[in-house]
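The values are calculated or read from the model by the stated rules, or taken from the named source; none is laboratory data. All of these numbers come straight from a predicted model, not from anything done at the bench. Note that each Cβ is placed from the backbone with ideal geometry, even for glycine, and that neighbours are counted across all protein chains shown.
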2 protein chains.
Amino acid sequence: MQRYFPILDWIKTYSRETLTSDLVAAVIVTIMLIPQSLAYALLAGLPPEVGLYASILPLVVYAAFGTSRTLAVGPVAVASLMTAAAVGKLAAQGTPEYYGAAIALAFISGLMLLGMGLLRLGFIANFLSHPVISGFVTASGIIIAAGQIPHLLGISAKGETLPELLHAIWKNLGDINVFTMVLGGSAVAFLFWSRTRLKGFLLSRNVPAGLATVLTRAAPVAAVAVTTLVTAFFALEARGVAIVGTVPKGLPTPSMPPLDLALWTQIAVPALLIAIVGYVETISVAQTLAAKRRQRIDPDQELVALGACNIGSAFAGGFPVTGGFSRSVVNFDAGAQTPAAGAYTAVGMALATVFLTPALFFLPKATLAATIILAVLTLVDLGAIRRTFVYSRADGVAMGATILVTLGMGVESGILAGVALSLFLHLYRTSRPHVAIVGQVPGTEHFRNVERHDVITTPDVLTIRVDESLYFPNARFLEDFVQDRIAENKAIRHLVLMFPAVNAVDSSALESLEAILEMLKDSGVSLHLSEVKGPVMDRLRRSHFLDALTGQVFLTQYDAMLHLAPALTAQTLAAPRRETSRNGC
Amino acid sequence: MQRYFPILDWIKTYSRETLTSDLVAAVIVTIMLIPQSLAYALLAGLPPEVGLYASILPLVVYAAFGTSRTLAVGPVAVASLMTAAAVGKLAAQGTPEYYGAAIALAFISGLMLLGMGLLRLGFIANFLSHPVISGFVTASGIIIAAGQIPHLLGISAKGETLPELLHAIWKNLGDINVFTMVLGGSAVAFLFWSRTRLKGFLLSRNVPAGLATVLTRAAPVAAVAVTTLVTAFFALEARGVAIVGTVPKGLPTPSMPPLDLALWTQIAVPALLIAIVGYVETISVAQTLAAKRRQRIDPDQELVALGACNIGSAFAGGFPVTGGFSRSVVNFDAGAQTPAAGAYTAVGMALATVFLTPALFFLPKATLAATIILAVLTLVDLGAIRRTFVYSRADGVAMGATILVTLGMGVESGILAGVALSLFLHLYRTSRPHVAIVGQVPGTEHFRNVERHDVITTPDVLTIRVDESLYFPNARFLEDFVQDRIAENKAIRHLVLMFPAVNAVDSSALESLEAILEMLKDSGVSLHLSEVKGPVMDRLRRSHFLDALTGQVFLTQYDAMLHLAPALTAQTLAAPRRETSRNGC
């Protein structure tokens, strides 16, 4: 019970002090979340109020199901971009179909996450290697920032890829609206300054540190307020400054997400990608923050929680949500102690939805664009390509390719190409297990790699030590390796496969062993095994392989050699001491 | 040079004896290949002569590029079925578009194979685990056999999946043509008898073994000849027996495959699947046969050869070809010594194309259907499901799922589901590396698993031995594992990661190590490493990880403990003896 409702862990000991900490954190996060949720809704191509809707119910749901004490969920930049890309293929922006598809996307990816959580499939996130996810986020950040430039300039230019966007911007550069540009440019400059300098400035004026932090965090709200007032006062909407306009007042009416199987099939792949990318982000943030207080999070339960949040978002007319990095850090720093802080933030967002929406009428879209640009620039980490490449060329290539494909062909192609590349490189690496031909170290019962040690071998016995578990990605390798050795050396009469490091032999590898056995039979070579681990031996006994084996299974390699080349093996042993050490090099 | 033209290996020493052996083999294979190539063309939904075209140029090309001395390429059952499935989606059978798409399919999959070969990407075949390929072939065999039943009954019924086929057959059962059924039934019975009993029968009549073998192999040709004569003599085509009809006489005119990028994009996925499935079949057959004579094949060069064969097939108006199992075995048994035997077979097929086609006019399609059914029944191995399941439940499930999806949803879905399942199970297995918490064996410098041995530990030092390379599929696991241990034991002040078995640390794992380091820093625990292998250490030096490390890197775990818990560690050591053995259990 407690496993699926982590709320039961902390609700019993909830005290007045915890309440105070959580409330303070909730106020600060609410202030931050209002402009962000509006902006990300616009980024997803949805009406601004949808961003508010996605920031209420999901937070309450996370409070009940989440294992992180400080994670703040809601709309985030990358998932919003992915939503726009997925839904944009199915319907035109502004239509009810577009909105319905976005809701369905949240619902389906929620169901997928929930299913993975209940089946404990958190390891699926491993499909995304770090270079791929990092490259993908960097490229998404660039596309998002570029996509906001038209809003800053007051021109219209759309595109799913960077070249498309830049081309559209270039083409429409003549339509620049000066008022929008000044307003948007000022907002970007102010937000950039407040992010980099405001806190230092305030501290230098002897503002208390706590207040300075709060004021700094409130800078986007200030930008929203000031630009809204300016726009209203000078009637800039008449001068061509795009404004948010009427935002429906009041809470969303809960409703069933569209039950349209054809639609579900069309969005299944993007829903899965959003689910996995969102989960990877969520789990990374949650783990980082939990560690700071030596708390635990349960990765499988986080799937359940994030799934429930998305289903909740869909029922409340919202779009896909994720644990956000910056807002979770703010929540943590502001002193949130339990997920209840998230629930209080939800109350704050609900109040904003009910009372604040009329005040948003004159909010310029350029201000929201500025908010987005500042938020996503922290995602862009071009230095990581160089660092990754220096560390591992393969990983650097995977990262670079993910970035290029994402920029050039869009987010879905980018993430799919990245996953494919990761798996490809992984299979490439694992397809060549380490194997060594070994011989006896003179005077001992040790057997070592012939290439690294002065060891004794006999021409008619070949011993191959396999240093990895045998399964389908590397099964064929051993077949090729043995075949080559047998073909190039006609003197061999016995082959010993030494399995001290083989922890598993799957069906494909069993098939390869059977093929090796057949091949050796045809070549007049008998096959022996040595140092086979218990579980592997148990499993081999369930097949016919051991019955068909032309040789024997020896407990140790020394026993094998005593049997196959008795004179040579025994005479090299100076004293009758027995050692079992073997270090696998 | 010799690498890409293996023909240079054997052409120099080509003797009169080799010529004789090759010629005999070629005659036998030609006899076998004529009905098969016609039948597989029909299976692919193509005119019969296309099967002949696909059996000429590809064989000559393989003779030049192939590394197997005895592999026989040409149209095969599974690839023909996959061709029909892929092309059937794009055009109606019998149209020039259908034929053009089949040619393009051969061309594209040839280019893919050639590319993979030149880039030495043979390991891509590892994507297909043995249970998946075996299940896929079994299911394909069942679908192919079921698809031939209508031809045997003289009814028309089509379907890409088993349920569709059976339903269509059931619906049209009233249209059975008795003449076709008797003819087809007799052909099946005769072929089955000749396969199982004819050789024994001939041997019991004192026919020499060699002749008995040749006569047995010629049984399909006899069936073709007899049923053709019967049909012609009794004018059965007027009674509703479907016949092959006019087959264009003469060799195909070489022509460029259609250069249609839209078409190429549509067939890219099926082309890749045909390429990989065909390659896996080819390489298995080639390896099995090469081993019998202690010859070598080069898996990457086989990709080049098979690619060139398919490109050749496309230029000659043929469809996808593969190294066939039964015909290669026949070629081998008949004594083929070099790939020249394949070239002579091509000459035989060319002669058949020029002179034999008028004789095929009255050949009943039911006979060809009987040939196909007998050929594919050898592919169906239902016992393998049980064997695989007994050996490994996961592999058995993968196999069963592949069979069910192939039967129920068609070949492409089946193979894709199989590949996805294999990768999924593989990632699941590798996502949990073996790690152990270790302590000191009293009186020694050995450190062993605390769960298996009576060892000494101190509460403030935790040592985790990692028994596998760290890379993206398992990187997060270590993070979770460390976090859980640190969260549940607040006394820990030092964490030692012991890396004696870690052969690689990729970028994702480096990121995890950095996350662990950060997490520990926040928890006031310092991180140390011990027994790090040279190559891993070299790589870590290229990152900032070692600079940021809060602890030290120790050469041995004993050194680490001497430093972190000096009193305890040294006092347990009875005598000053030094052993370095460690067996990783």
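Search the range B:367-388 for residues being within 14 Å of another protein chain (Cβ to nearest Cβ) and within 20 Å of the chain's Cα centre (by Cα), and hand back the single one that is nearest to B:A41 (Cα to Cα).
This residue is B:D381.
Just the residues that are buried (at least 16 other Cβ atoms within 10 Å of the Cβ) and closer than 17 Å to B:P473 by Cα, please, taken from the range A:425-452.
Of everything in the range A:425-452, those that are buried (at least 16 other Cβ atoms within 10 Å of the Cβ) and closer than 17 Å to B:P473 by Cα turn out to be A:L425, A:H426, A:L427, A:R429, A:T430, A:S431, A:P433.
Across the range A:101-122, which residue is farthest from B:S431 (Cα to Cα) among those that are touching a helix residue (DSSP H, G or I) at 6+ places or on another chain (Cβ under 6 Å) and within 14 Å of chain B (Cβ to nearest Cβ)?
In this case the residue turns out to be A:M116.
Among the residues of the range A:7-54, count how many are crowded, with 24+ Cβ neighbours inside 10 Å and assigned to a loop (DSSP other than H, G, I, E, B).
The total comes to 3.
Considering A:R485, A:R476, A:R465, which residue is away from chain B (no Cβ under 11 Å) and not aromatic (F, W, Y)?
A:R465
Out of curiosity, is B:T556 polar (S, T, N, Q) and either at pLDDT 85 or above or touching a Leu at 6+ places or on another chain (Cβ under 8 Å) (or both)?
yes
Test each condition in (1) surrounded by fewer than 21 Cβ atoms within 10 Å (Cβ to Cβ); (2) within 23 Å of A:A54 (Cα to Cα) for A:A271 and report the one that comes out false.
Failing condition for A:A271: (1).
Among the residues of the range B:81-133 satisfying the criterion of being among the polar types (S, T, N, Q) and free of Cβ contacts under 8 Å to residues at least 24 places away in the same chain, which is surrounded by the most Cβ atoms within 10 Å (Cβ to Cβ)?
Taking the candidates together, the pick is B:N126.
Mind listing just one residue for me: the one in the range A:129-169 that is touching a Ser or Thr at 6+ places or on another chain (Cβ under 7 Å) and within 30 Å of B:D480 (Cβ to Cβ) and, of those, farthest from the other protein chains (Cβ to nearest Cβ)?
This residue is A:S140.
Of the numbered conditions (1) away from chain A (no Cβ under 14 Å); (2) farther than 30 Å from B:M561 by Cα, B:Q440 fails exactly one; give the number of that condition.
(2)
Looking only at the range A:494-515, count every residue that is within 16 Å of A:A436 (Cα to Cα) and either facing chain B (nearest Cβ under 10 Å) or among the aromatic types (F, W, Y) (or both) and tell me the total.
Result for the range A:494-515: 3.
Given the residues A:V280, A:V247, A:V285, A:V269, which is the only one that is within 13 Å of another protein chain (Cβ to nearest Cβ) and over 30 Å from B:E514 (Cβ atoms)?
Testing whether each residue is within 13 Å of another protein chain (Cβ to nearest Cβ) and over 30 Å from B:E514 (Cβ atoms) leaves just A:V269.
When you go through (1) buried (at least 24 other Cβ atoms within 10 Å of the Cβ); (2) out of contact with any Lys or Arg (no Cβ under 8 Å at 6 or more places or on another chain); (3) among the small types (G, A, S) one by one for B:A64, which number turns out not to apply?
(1)
Anything in the range A:521-542 that is in contact (Cβ under 8 Å) with a residue 24 or more places away in the chain, over 37 Å from the mean Cα position of the chain (by Cα) and at the interface with chain B (Cβ under 8 Å from one of its Cβ atoms)? List them, or say none.
If the condition is that a residue be in contact (Cβ under 8 Å) with a residue 24 or more places away in the chain, over 37 Å from the mean Cα position of the chain (by Cα) and at the interface with chain B (Cβ under 8 Å from one of its Cβ atoms), then A:S523 is the only one that fits.
For residues that are within 22 Å of A:V78 (Cα to Cα), touching a Leu at 6+ places or on another chain (Cβ under 9 Å), surrounded by fewer than 21 Cβ atoms within 10 Å (Cβ to Cβ) and within 12 Å of chain B (Cβ to nearest Cβ), tally how many sit in the range A:398-424.
Number of matching residues: 1.
Could you tell me which residue of the range B:355-366 is surrounded by the fewest Cβ atoms within 10 Å (Cβ to Cβ), considering only residues that are under 34 Å from the mean Cα position of the chain (by Cα) and not aliphatic (A, V, I, L, M)?
B:K365
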